[in-house]
Structure formats: C-alpha cells, structure tokens
Amino acid sequence: MGRSQSLHSTVVARVTKSAESKTGPREGRQEGGCVKFEERQSVSEAPAVSGCGLSKQGADTRRQEWSWAEASIWTERMLAALENGVKGGKWFSLIDKVVRPRTLEIAWQRVARNKGAAGVDGQSVKRFEQRATMYLQELSESLESGTYRPQAVKRVEIPKGPGKTRPLGIPVVKDRIVQTALKMVVEPIFERDFLDTSYGFRPGRGCKDALREVDGLIKEGYTHVVDADMASYFDTIPHDRLMSLVTEWISDGRILDLIRAYLGQDIIHGLERWTPTGGTPQGAVISPLLANLYLHPLDCRMRSKGYRMVRYADDFVVMCLDAETAQAALAEVRTWVEENGLTLHPDKTHIGDCSVAGQGFNFLGYRFEAGRRWVRRKSLKSFRDRIREKTGRSCGKSLGQIIENLNPMLRGWFGYFKHADSWVFKYMDGFIRRRLRAVLRQHMRRPGRGRCLADHKRWPNAFFAEQGLFTMTQARVLASQSRC
C-alpha cells in the first residue's frame, strides 16, 4: 500500500506543477520557477516497474526518449525512478554504478575512441590500451576502496585568434575514464530538469538546433537582441556555489567527493603548478555538464520572466520584440551574473536591432544582420588559414592528394554554413582554385600565385571539377533544389 501511495503522490505533484508555478515560491522550487518534485522515492528503494501498472508501450517510449543514456547503468527500473522522481528529490547510492567493471570498460571504450593527448604522466591512450584490463581493475578497486585520487591536469594553450590563445586542460587517461563513468551515471539526473533553451554539450542537441531556433525567432519579429558574453566563464565558476547546486540533485557523499576532487585538481603549465580556486578545466570530460548545470538557474530565471533566450554553453542571446524589453533583459542577466560570481565581458556584450545594418550579432560562427545570415569574419579567416595549411606551394604532394585531403574539410564546412549568404561559396571556391593553380605552377617550376588569365585558361574551373574537387557553389545549388 505504501508504494501506491508514494506513486500517487508523485502523480499529484506532477499534475499540480503548473498550478504551483502561478502561486509563488514553494519548497523544492529552484530559482527562476523551475520545480523539482518533492515526492520522490529513493532509487535504491524503487519498486519493480511491473507493480506500477506501466505498459510495455510506455516502457518502450521511455527507453526511446533516453536512448542516449547507457543502458547497462540506466536500466528500465532506473529510468522509471528518473521519470517518477526519487524521495526528497535527491539521488544517493550512485557510486556503485561508477565503480562497476562494466561501467569503467564502457567508459574506457569511449575515451579510446576520442583518443586525445597524454596527460602529465605521459601515458597515451595507445599505451593504456596495452594493459587496459589490469589498469581498469586497479581503477575499480581504488574507487571501491576510496583510495582513488585524480592526478594533476596538464594545461596547454591553443590558438583562439590573432595573437590570442585559450587554455585547455588535459587530464591523464585514467582520470578521463573515471570522469566518463561519472558522467554516464549523473548526466541523466541533470538532463531531466535542464530546459530546452540550452543546446550546448547536450545529448541530441547541437549548434544547428540553436541556430534554427534563433533564425525562427528573428522571423517571428524578435529582432532586438541581447548578445551576451561572459568573461572567462569556465575559469571563474565559483566551486562552492557549483557544489551547492549539485547537492540539490545528488546526496551520495562519495560522488560529491569525486566531483570536488576534479574541481580541485592541481594544474601544471610548464614549470608552474597551482591549485585552482574556481572554474572547471576546459578539456575535462565532466566540465561541460557542470558548466551547463551552473547556468541552469539562469535559464529558469529568464524563462520565468518570459524572455526568449537561446544558450549554447556560455554563449547566449536573448531575443526580444522591442528595445525596451531588450534593455530589461540585459539588466536581468547582469543582475544574475553578478549575484553568482561571474562577469559579463564589457566589450562583447551589447544590444542591437539585427534587422538594421550595422546592428547585427554573432552567434556560433554566423553573423545575423539586416535579414541575412553571413559567415562570421573570424570563422571565414580561420577557414582560409586551414586551407592555406593544406595547399602550400611546396607541400610536395600531387594535386590528387591535395584534393583528397581538402574535400572532407570542405564538405564539413559547407554542411555547417550552407545557410549563409551564397556569395561566400563563390568567393571560397575561387580562393581554393587560386591556391591550387599556384601549386600547379610550382610543379612546373614557375613562380606565381595562379591569378593570371593564362592560368585560368590552362586550368579552368572544369579541370578541378574533373579532378574531383568539392565545389561549394554547386553544392549550394543542389541543396536549394532538394528543399523545393
């Protein structure tokens, strides 16, 4: 009888959710009006689903909805608990799912597929693979006994733009495996409550979905845009506030200790070593999930105020119908950011009417301005630089080899930017062919950049098409025809 009463309470809580949202804050409510259910059962005490009257069809639908979740961890019983809620709104007894040999094996397979560089211990994925069975057994035993300790994170600087770099953290292979196992266990718990306004680093969602949403809102008249940029977001997330958020969902002390350990990992950069007091290292497996979690209350707050925000990780825009609303939205964002220990970049945060020339905004590589979508200048420059690297006149490769190396990159770039204004494809096709003509001149030991009329006649556009070069202008025409 106790089981049915508990489940009935859960159903009542879900039915009354919308009514509660109109009557002010309640116990169990997160900031911004996002409600977590009070009546939840402990997953370790969750009854078998066969006693809940759930149909096989309902179970199949649930499995399809959570198809991205690892089935060996998130069994039908676990998913039922996820859907119905757990007692007190918090999950415990999760560490046993992390330390299982099967979980660590699956985590290792994912790390191996991603490859990646060696960490501070110098152990590569290939070296780990040679003794993977032994290492995984050691990991499982150290996690189970509580003796596991993460090693320091190796920091490297990767190019970000002209004269700029971005820090990237590289954990050792063993830590990447444990972080992957941890993420597989806890991600569905957070995902259940994340809002659909967030698109970055989430299962089944991505850049194109976010861009599609922005484009649709502009067409609906939401042209006054708050383009917000957080200064060094991943490096400045306050650890205490982040852990406070985590504990709203998870009460397993050993899971919490693991997350704290990853946040407090020493960082090694050259001869320097220090312990961070804030932030989550970019490059760590668990980092994007924690970064999304910290901004979840902002998502809730903006939705509860009626604003249309589209967020991809720490990059977000608020779409508004008029300038006054946009100003109010920016004030709301600024207040939340300051209250939560973050900072808006003063030079990169602005408001504009993107329907007016000169007032557009950049988002995920595109520029939206005056009713058109362009490739952002920075994105275009980066792409040209990558082409230059592959088409050096003294690269020592045949034309066929260069084209074979170029085509996958060209197809990928076009696949992402195919909705941009069509002039860019004609421009890039011409740029690529000029680079290839210069290579052919070098093969003939003749200096020059392939710009003269004689070179165009010697190697016309059709010549490169015959050699198999991917042509973006033609791809755009075919893509347009397929939409008709």
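With respect to SER145, is the statement that it is within 27 Å of the chain's Cα centre (by Cα) and surrounded by fewer than 17 Cβ atoms within 10 Å (Cβ to Cβ) true?
Details: within 27 Å of the chain's Cα centre (by Cα): no; surrounded by fewer than 17 Cβ atoms within 10 Å (Cβ to Cβ): yes.
Judged against the criteria, SER145 is not a match.
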*Enumeration of residues in the range 84-127 that are open to solvent by less than 60 Å² (accessible area, probe 1.4 Å), over 23 Å from ILE259 (Cβ atoms) and either of a type in the set (Phe, Trp, Tyr) or part of a helix (DSSP H, G or I) (or both)*: ASN84, ALA112, VAL125
*For the range 336-355, how many residues meet the condition of being open to solvent by 60 Å² or more (accessible area, probe 1.4 Å) and either small (Gly, Ala, Ser) or out of contact with any Ser or Thr (no Cβ under 8 Å at 6 or more places or on another chain) (or both)?*
7
*Taking SER67 as meeting all but one of (1) open to solvent by 80 Å² or more (accessible area, probe 1.4 Å); (2) part of a helix (DSSP H, G or I); (3) small (Gly, Ala, Ser), write down the number of the exception.*
(2)
*asked:* What's the total number of residues in the range 164-198 that are modelled with pLDDT under 95 and of a type in the set (Ser, Thr, Tyr)?
replied: 1
*Only one residue in GLN179, GLN137, GLN151, GLN130 is of a type outside the set (Gly, Ala, Ser) and in contact with a Phe, Trp or Tyr (Cβ under 9 Å, 6 or more places away or on another chain). Which one?*
GLN179
*Candidates THR180, THR133 - the one that is surrounded by 16 or more Cβ atoms within 10 Å (Cβ to Cβ) and part of a helix (DSSP H, G or I)*: THR180
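Select from the range 183-196 the residues that are outside any helix (DSSP H, G or I), touching a residue at least 24 places away in the same chain (Cβ under 8 Å) and under 15 Å from the mean Cα position of the chain (by Cα) and list them in ascending order. Full working, then the answer.
In the first step, residues of the range 183-196 are kept if they are outside any helix (DSSP H, G or I); the result is 192-196.
Now drop any that are not touching a residue at least 24 places away in the same chain (Cβ under 8 Å), which leaves 192-195.
Within the range 183-196, PHE194, LEU195 meet the criteria.
If only one of LYS174, LYS164 is in contact with a helix residue (DSSP H, G or I) (Cβ under 7 Å, 6 or more places away or on another chain) and open to solvent by 40 Å² or more (accessible area, probe 1.4 Å), which one is it? Break it down stepwise before answering.
Working: LYS164 fails: in contact with a helix residue (DSSP H, G or I) (Cβ under 7 Å, 6 or more places away or on another chain).
The match here is LYS174.
Has the range 248-261 got any residue that is under 25 Å from LYS160 (Cβ atoms), in contact (Cβ under 8 Å) with a residue 60 or more places away in the chain and of a type in the set (Asp, Glu)? Break it down into steps so the answer makes sense when it comes.
So in the range 248-261, the residues under 25 Å from LYS160 (Cβ atoms) come out as none.
Within the range 248-261 (the criterion being under 25 Å from LYS160 (Cβ atoms), in contact (Cβ under 8 Å) with a residue 60 or more places away in the chain and of a type in the set (Asp, Glu)), the answer is no, since none of the residues qualifies.
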*Which of (1) farther than 30 Å from VAL86 by Cβ; (2) among the charged types (D, E, K, R); (3) under 19 Å from the mean Cα position of the chain (by Cα) does ARG205 not meet, given it meets every other one?*
(1)
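The values are calculated or read from the model by the stated rules, or taken from the named source; none is laboratory data. Please read these numbers as outputs of a predicted model, since none were measured by experiment. A quick note on method: Cβ atoms are made from the backbone with ideal geometry, for glycine too, and the neighbour counts reach across all protein chains shown. Heads up: the accessible areas ignore ligands, DNA and RNA and are worked out on the full protein's heavy atoms, side chains in. Shrake-Rupley method; radii C 1.70, N 1.55, O 1.52, S 1.80 Å.
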